[in-house]
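Visitor: After the structure tokens below, expect a handful of questions from me.
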Protein chains: 2
Amino acid sequence: MSFRPDPRLDADTVFIADGPLSQLRLMDDARFPWLVLVPRVPNATEWIDLDGASQRLLLAEINQSGALLRQHFAPIDKLNIGALGNIVRQLHVHVVGRREGDAAWPGPVWGAGTRRSYGADAPQLASRLARALDALPAKTLPAAR
Amino acid sequence: MSFRPDPRLDADTVFIADGPLSQLRLMDDARFPWLVLVPRVPNATEWIDLDGASQRLLLAEINQSGALLRQHFAPIDKLNIGALGNIVRQLHVHVVGRREGDAAWPGPVWGAGTRRSYGADAPQLASRLARALDALPAKTLPAAR
């Protein structure tokens with residue numbers, strides 16, 4: 001019944017909150033403001049293989065994650081959004097706040113160097129992010145202009 | 001009036017077709033089946049800063065690009081979707097077909113090794129992809145199940 005992310009994802013990330021489609025998790029890597037969305041859809045591996053409503057829901061959650069990063073980790077110079085899954089096949093989407101000169105700049109964060117854990121601060125940071133998420137003004141996609 | 005991608009994108013890619021929102025281009029790298037979508041939206045840098053309708057249109061174009069890769073470059077083991085833009089800020093989304101054991105496997109393609117051009121075959125491949133795109137059964141997001 002209860003959703004569990006792939007053990008490798010589980011080991012590298014900390015639970016923040018359950019969104020409408022996905023579990024939102026914090027990558028436990030203090031080098032980058034880095035969120036991971038894991039849709040609670042059994043056996044999903046590709047975003048484009050989700051049904052249309054779920055695809056759009058995931059996109060809305062990416063919007064929310066980006067807003068959360070910008071609000072909580074300002075300043076963010078660039079967002080990086082990635083759905084790779086070459087190693088962990090369970091569908092998951094990375095939303096990463098990048099700063100010029102960060103540990104992987106201007107390359108991608110995936111596979112770059114060695115993760116640096118938040119250590120004992122991780123659960124507290126995840127709790128603060130959960131509260132900040134609740135306080136975000138809009139939870140859905142902006143309407144078409 | 002006429003849209004032009006950033007000169008660095010332009011130099012590394014070949015025009016395939018204009019979709020409803022984005023220009024679809026082939027990354028001129030024979031190591032990977034690799035498409036790039038460049039929304040024709042002035043000054044856009046982040047997917048989540050597009051208006052909602054454009055965001056969903058881009059998602060539909062990603063669906064189409066993934067279907068094209070699967071059809072034309074079968075077998076594809078995994079799709080990689082990435083919006084990075086750390087170097088070229090103009091909004092562009094990569095849709096890459098990955099195969100186990102390819103030149104960057106299981107790492108990301110971005111920043112991996114040296115691009116290997118299709119050379120004189122590039123325009124012909126782009127034309128074949130444009131025809132295959134026209135022949136794809138569905139051009140939009142699947143309806144919600």
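The rows are residues; the columns are (1) closer than 16 Å to residue B:72 by Cα; (2) within 14 Å of chain A (Cβ to nearest Cβ).
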residue: B:15; (1), (2): no, no
residue: B:29; (1), (2): yes, no
residue: B:33; (1), (2): yes, no
residue: B:37; (1), (2): no, yes
residue: B:47; (1), (2): no, yes
residue: B:53; (1), (2): no, yes
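Visitor: Name every residue in region A:1-49 that is of a type in the set (S, T, N, Q) and more than 23 Å from residue A:113 (Cβ to Cβ), in order of residue number.
Guide: Selection gives A:2, A:22, A:23, A:43, A:45.
Visitor: Where in region B:1-104 are the strands (runs of 3 or more DSSP E), entirely inside, with at least 2 residues that are over 23 Å from residue A:56 (Cβ atoms), open to solvent by 20 Å² or more (accessible area, probe 1.4 Å) and touching a residue at least 12 places away in the same chain (Cβ under 8 Å)?
Guide: Output list reads B:13-18.
Visitor: How many of the residues in region B:59-86 are of a type in the set (S, T, N, Q) and more than 7 Å from chain A (Cβ to nearest Cβ)?
Guide: Summing the residues that are of a type in the set (S, T, N, Q) and more than 7 Å from chain A (Cβ to nearest Cβ) in region B:59-86 gives 3.
Visitor: Inspect all residues belonging to region A:94-101 and state whether any of them is on the phi > 0 side of the Ramachandran plot and more than 9 Å from chain B (Cβ to nearest Cβ).
Guide: yes
The values are calculated or read from the model by the stated rules, or taken from the named source; none is laboratory data. The model shown is predicted, which means the values in this text are computed figures rather than measured ones. When we count neighbours, we look across all protein chains shown, and the Cβ atoms used for this are built from the backbone with ideal geometry, even at glycine. Note: areas computed on protein heavy atoms with side chains; ligands, DNA, RNA excluded. Shrake-Rupley method; radii C 1.70, N 1.55, O 1.52, S 1.80 Å.
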